[in-house]
Amino acid sequence: MKKVTEKKVARKVAKFFANVSNDVSNGLIGIGNSTPSRFLCLINAGLLNGFTREEIFDIFIGFGEIENLIMIERKSYCILSFKNECAAAESYEKLNGSFCLKGDTQALYLSYLENFPTNLVGVQENPKVWPNGLKLKENFISEEEEEKLLGLTLSDPQTLQLKHRTVKHYGFEFKYGSNKVDRNPLPNGIPEEMEPIITKLVEFGMARPDQLTVNHYAPGQGIPLHTDTHSSFEDGIVSISLGSDIVMDFMSNDDGRRVSIVLPRRSCLIISQESRYSWSHGITPRKYDVTEAADHGLTVVRRENRTSLTFRKVRTSKCDCTFFRWCDSRLEDSVDLSGKTADNIERNHVFRVYDEIATHFSETRHSPWPNVKAFIESFPAGSLLLDIGCGNGKYLMCSQSLFSIGTDRSKQLLNVCRKRGYQVVNADCRASPFRDDVADAAICIAVIHHLATEDRRLQTLQDISRILRKGGRALVYVWAKEQEIGKRKSTYLLQKKSNASRAEVCPTPETYSEAVLPVHINRTDFKHADVLVPWSLNSKESTGTDTPTYLRFYHVFKEGELDSLCSKISNISICRSYYDQGNWCIEFEKK
Ligand SMILES: O=C(O)CCC(=O)C(=O)O
Ligand SMILES: [Fe+2]
Ligand SMILES: [Zn+2]
């Protein structure tokens, strides 16, 4: 084993000692000591260096019985005690200054301590609070039953050899990529022999399962942390352990809190409510688990071959849980809203936002899109052009030979227009304050994608057709869900970070009474049709800190959706329908 020189060891330990003098007051007495004791400080082998308790055990277990190990949050060291001094001395002799750690990029240094520090807050001392809704029934099945079930499941050929275990599904297949169920039933249902277990589960008040996954784990194998998707399975997922105890890890999806729970063989774990809907579960691949012994020390338990039976019930309707943030039944592609909710969303996430960001928005919106400009210029001088949702008036500017009027819901944007000398009125795009059949031309550019229901989007188009004279033409642009067509990315996807809205807020969905609106990540593909899109007020010289981020509501249109909406309006005919820079566009004429 490669080792650094003794001199260097002494230097390193002294340097470390200087760095942790603060911790010394917490009980790290004797750092730098070479007077042997049972207590060791292991330098460069802490949580901060990416070590787990198990990895430390792995390195030291060979020297003798370990009494205690404290891993400390955000520290590059940990504290270990052996049951006897010999073991400590032997490990000190062998390992001090050696490159025995993973990666071998940093040497391990050891220092004896006078005592096991009592007032350091070790990670394992955190009170273990189980996630709500998690229930464990020990001795759920008898030894005879266990033997029978193992015989049965082990003789049944496995269908799936995964990286860290073998798996077989009955009833329906569980898809590990998406954690969803494949709704096409499998040829094999749950085997008859499981009937006594199912009966017991039903007696406990659980719904009758129709799906079973059998997992086989050899020592060293595991399953990554995951949440079985809400839309696929009912509440109450059951895991029965056969053949070996194992530690299952739980992690809160909300705050990352972790809890490890020992599942004894023959026990039945019921994962329900919070533990099912807003926590992930998994099994770390390793050969042994470290668990708390009865005397509050730690013990190492070797894993044996373990077989688990996971019983689930496939959901046939939408999930009705209250864990909206994690509920894929609610984070659907598009949301179905009442008028009242739509009003609220538009007020909070459209009008208010535009009022707040008007100046900044206006600074970033100068150049008219060429196809819109060409449309405007196709009308003879003196024509009446109505710009519905005119924003900062950039199209009123390029229509100087026409008589143009703009409308908008944002008063601040109207103020920008008025300062520029344009004629504008404050109005809802669904009901423009103009007489029927007056306009030669109308444009509605990047407006109706801010309306929260299809009804409201249709009302707007209908109102535009109302104000057009017979033979008058309108041009409508909406943001497209498809931002990449035939491998060509839209300008939006190609925008540079510096001049785009830079917000990379944590995408926390926003909950309304009827729906959850996911927050879109800028410059990425749209995953949902109804989304909140961040806008951050960062000026060019921005420091990037504390600039408020606003969320604008968008309904992004799928290919064909705008056409299908227009086809519902009887008195128009579509002149052309096209895709332009990430937008779906339609020009129509009033019949
Ligand atoms: O092995 C277990 O106990 C759990 C298996 C599991 O979580 C799954 O298959 O989804
Ligand atoms: Fe699972
Ligand atoms: Zn749910």
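Here is how the numbers come out for the structure above:
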read-out	value
Per-region count, segment 564-587, residues farther than 24 Å from L493 by Cα, of a type outside the set (S, T, N, Q) and over 33 Å from the mean Cα position of the chain (by Cα)	8
Search result, residues across segment 150-179 that are under 13 Å from T213 (Cα atoms) and within 16 Å of ligand 3 (Cβ to nearest atom)	N179
Near pairs, Cβ below 6 angstrom, 6+ apart or cross-chain, from segment 192-221 (in contact (Cβ under 8 Å) with a residue 24 or more places away in the chain and under 11 Å from F311 (Cα atoms)) to any residue that is charged (D, E, K, R) and assigned to a strand (DSSP E or B)	P209/R312; Q211/R312; V214/K168
Matching entry among I61, I29 (being modelled with pLDDT of 85 or more and either out of contact with any Ser or Thr (no Cβ under 7 Å at 6 or more places or on another chain) or hydroxyl-bearing (S, T, Y) (or both))	I61
Failed item in (1) in contact with a Pro (Cβ under 9 Å, 6 or more places away or on another chain); (2) part of a strand (DSSP E or B); (3) within 29 Å of G171 (Cβ to Cβ), with E304 passing the rest	(2)
Residues located in segment 389-404, provided they are in a strand (DSSP E or B) and touching a Gly at 6+ places or on another chain (Cβ under 8 Å)	F403
Selection status of K75, farther than 29 Å from R258 by Cβ and among the basic types (K, R)	no
Unmet requirement for T229, which otherwise passes all of (1) within 13 Å of ligand 2 (Cβ to nearest atom); (2) part of a strand (DSSP E or B)	(2)
Within segment 307-318, tally of residues that are crowded, with 18+ Cβ neighbours inside 10 Å and either in a strand (DSSP E or B) or outside the structural domain of K168 (by TED's automatic domain parsing) (or both)	6
Residues that are exposed (fewer than 14 other Cβ atoms within 10 Å of the Cβ) and either touching a His at 6+ places or on another chain (Cβ under 9 Å) or among the aliphatic types (A, V, I, L, M) (or both), drawn from segment 328-382	D333, A374, A381
Any chance D455 is part of a helix (DSSP H, G or I), touching a residue at least 12 places away in the same chain (Cβ under 8 Å) and of a type in the set (D, E, K, R)	yes
Of the criteria (1) away from ligand 3 (no atom under 14 Å from the Cβ); (2) closer than 27 Å to F233 by Cβ; (3) modelled with pLDDT of 80 or more; (4) among the β-branched types (V, I, T), which one T322 fails	(1)
Search result, residues across segment 74-127 that are in a loop (DSSP other than H, G, I, E, B) and modelled with pLDDT under 70	T118, N119, L120, V121, N126, P127
Segment 251-272, subset modelled with pLDDT of 95 or more and under 23 Å from the mean Cα position of the chain (by Cα), residue farthest from S239 (Cα to Cα)	S272
Filter pass, T407 being closer than 26 Å to G339 by Cβ, hydroxyl-bearing (S, T, Y) and in a strand (DSSP E or B)	yes
Of all residues making up segment 302-319, the number that are within 10 Å of ligand 3 (Cβ to nearest atom) and in contact with a strand residue (DSSP E or B) (Cβ under 7 Å, 6 or more places away or on another chain)	1
Residue count for segment 143-179, restricted to those that are within 16 Å of ligand 1 (Cβ to nearest atom) and in contact (Cβ under 8 Å) with a residue 60 or more places away in the chain	9
Residues of segment 211-226 satisfying the condition of being of a type in the set (A, V, I, L, M, F, W, C) and near ligand 2 (Cβ under 9 Å from one of its atoms)	I223
In segment 232-260, the residues that are assigned to a loop (DSSP other than H, G, I, E, B) and farther than 28 Å from E144 by Cβ	S232, E234, D235, N253, D254, D255, G256, R257
Residue within segment 2-23 that is under 41 Å from the mean Cα position of the chain (by Cα), modelled with pLDDT of 80 or more and under 19 Å from N115 (Cα atoms) present	yes
Residue within segment 171-186 that is aromatic (F, W, Y) and under 23 Å from E138 (Cβ atoms) present	no
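Residue by residue, here is whether (1) within 16 Å of ligand 3 (Cβ to nearest atom); (2) surrounded by fewer than 20 Cβ atoms within 10 Å (Cβ to Cβ); (3) under 30 Å from S317 (Cα atoms) holds:
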position: F204; (1), (2), (3): no, yes, yes
position: P209; (1), (2), (3): no, no, yes
position: T213; (1), (2), (3): no, no, yes
position: H226; (1), (2), (3): yes, yes, yes
position: I240; (1), (2), (3): no, no, yes
position: D254; (1), (2), (3): yes, yes, yes
position: E274; (1), (2), (3): yes, yes, yes
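The values are calculated or read from the model by the stated rules, or taken from the named source; none is laboratory data. Computed from a prediction, not measured in an experiment: that's the story for all the values here. Here the Cβ is made from the backbone with ideal geometry for all residues, glycine too, and neighbour counts use every protein chain on show.
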